[in-house]
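J.: First the structure, which I've put down as structure tokens, then a few questions once you've had a look.
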Amino acid sequence: MSNLETKSLNRQAKKAQKDENAEKARLKKALLQGNNDGARIYASNAIRKKSEALNLLRLGSRIDAVASRVETAVTMRQVTGNMASVVKGMDRAMETMNLERISMVMDKFESQFTDLDVQTSYMEDTMSATTAISTPQDQIDQLLRQTAEEANIELQQDLDAKAAPVSEVSPPAMLKDEDDKLAERLRALRPAT
């Protein structure tokens, strides 16, 4: 049953990713039109949709983890039953003091214990991989910068202000002459790595 729920959550996550891409397209259009307030709203929506997609994927992962824990519990029940038979075998072996038989029983016990360790370790790794993330304001500003660079639009350095002004786009005839200047200015805006 958890498999169906996980698939449903994955489908919803894909839809949220599509919505994120649509918001990014709106963001680019708003930047090209010089609509800074609208661009900030679209950037915020895109970040929110990205977070929604990640949260849906995370929830699906958690459901899988819970299903794995249930499987581990079933395995533990089986191991407990096997341990009871091992103890009975050890009792019989101890009665006869057959060291070879005692060694075989202990090897079987250690093998089952190792299998249980591996399963427990896997479950712990799966659960630790599902951590929450936040989407701070700097991600919105980073998305604004990235989209502006892709659209060959220059943004002012200070994006923390409410409305980050966008430089005017040159008429199509003048674009060829100013491409080099614009590319040079965009390189100057990029952070040094």
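The values are calculated or read from the model by the stated rules, or taken from the named source; none is laboratory data. Nothing here was measured: the structure is a model prediction, and the numbers come from that model. Glycine also receives a Cβ, built like all others from the backbone with ideal geometry; neighbour counts cover every protein chain displayed. Surface areas here come from the heavy atoms of the whole protein model, side chains and all, with no ligands, DNA or RNA. Shrake-Rupley method; radii C 1.70, N 1.55, O 1.52, S 1.80 Å.
J.: Which number gives the lysine pairs in the stretch 1-87 that have C-alpha atoms under 14 Å apart and are eight or more places apart or on different chains?
T.: Value for the stretch 1-87: 9.
J.: Rank LEU54, LEU9, SER44 by how far each Cα sits towards the positive end of the charge dipole of the stretch 1-66 (+1 on Lys, Arg Cβ; -1 on Asp, Glu Cβ) and give me just the farthest.
T.: Highest projection toward the positive end goes to SER44.
J.: Which of the lysines could be linked to LYS88 by a straight reach, that is with a Cα gap under 27 Å, when you skip same-chain ones fewer than 8 residues away?
T.: LYS108
J.: Let me ask something else about it. How much area per residue is accessible in the stretch 1-124 when the probe is 1.4 Å and only protein heavy atoms are counted (Å²)? All intermediate terms of the calculation are to be shown ahead of the outcome.
T.: On the way: 8390 Å² over 124 residues.
Ligands and nucleic acids excluded, the result is 68 Å² per residue.
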